[in-house]
């Protein structure tokens, strides 16, 4: 009887140990992850290009005659009107040339007057039979030559007066001075740029395009322009110009995007701007974050969560172009799958997962930083 009572504690211990083994065997780790719902969008991943706000028309102005700069009348940033003087050259040389040209005109007029008097005297002598017809023709020829020389002297005087007018550099349009390359005392040649004036009105964004995205930009129907100084505000843009060849240094194509209905007070020249190219119309595709993609033995895979069992499985995918932190999935996903985006390297096939605290499966567009 004592032996039986002694076996009771042993049996209880064995039973308790068995229960603990069953509980240990039943325990399964559930990994917290972040996920998105893969959704379809038309075309490729939208791109964004940084650039600078520039004027549609910009003039590099220079004097039409050489000389020494005597006066500078404007500074960088000055608002100018069409015809407003900007710089002046020293006019001494041109003034002397005008005086000399005027003296030449006076001399030519004197020769014309003398030729007319000689012609009149010859006509009188011919009437009295004291001169021949040949002498009269000779005096007419002298008068014609004198009159031609007078016209030549007058034209030379006008040309010299124009040169004196070229000593004043005036603006050819309303705008703002963006650069000055000449200072008082500097000797400049004819046509040398000394002042740059950006015209009022149209504004554009100058950007550079890699060769792999040229066709995409050409086909884009909706360009959005934003500036760093005004977050959240955008303007519609239109591709106006695309260089036919790449830059020899950057190997990119220069492009100009015209801003529709620009706000002159908000869009200032030189502002840092960005041009966003939304997805293009085309075959349906899926975008996922780059963090969702695993590269194993040359195979690109993503973890797909079974919504019924909350277990994960690897899925082979074919990737397209990447943009920022997203990548285009050309094949492998059909849309609507729950894809793991964080914690992908800690999972095993068939493992149960759950959304991390504060996280739930969201549509891809909501988790890609607002990508359209």
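Quick note: the coordinates plus some simple rules give every number you see, no bench work behind them. Since we're looking at a predicted model, the values are computed, not measured. Using ideal geometry, Cβ is built from the backbone for each residue, glycine included, and neighbour counts are taken over all protein chains shown.
Here are a few things to note about the model shown:
- Each peptide in 231-239, 84-92 gets a packing score, the mean of other Cβ atoms within 10 Å over its residues, and the list from highest to lowest is 84-92, 231-239.
- Computed from the C-beta positions of residue 313 and residue 208, the FRET efficiency with R₀ = 51 Å rounds to 0.75.
- Estimated inter-spin distance, residue 306 and residue 234, nm [label 7 Å along Cα→Cβ]: 4.1
- For segment 67-200: relative contact order, % (alpha-carbon pairs under 8 angstrom, 6 or more apart): 43
- Pairs of C-alpha atoms in segment 149-245 farther apart than 21 Å represent 64 percent of all such pairs.
- Inter-part distance where segment 215-277 and segment 298-349 are each reduced to a Cα centre, Å: 34
- Computed over segment 64-117, the alpha-carbon pair-distance distribution with 5 angstrom bins reads 4, 15, 14, 13, 13, 10, 9, 8, 6, 4, 2, 1, 0, each value a whole percent.
- Using a Förster distance of 22 Å, the FRET efficiency for residue 274-residue 60 (Cβ separation, nearest 0.05): 0.20
- Compactness relative to 2.2 N^0.38 Å, alpha carbon Rg of segment 209-270: 1.26
- When the convex hull of its Cα atoms is projected in every direction, mean area for segment 92-163 (nm²): 4.4
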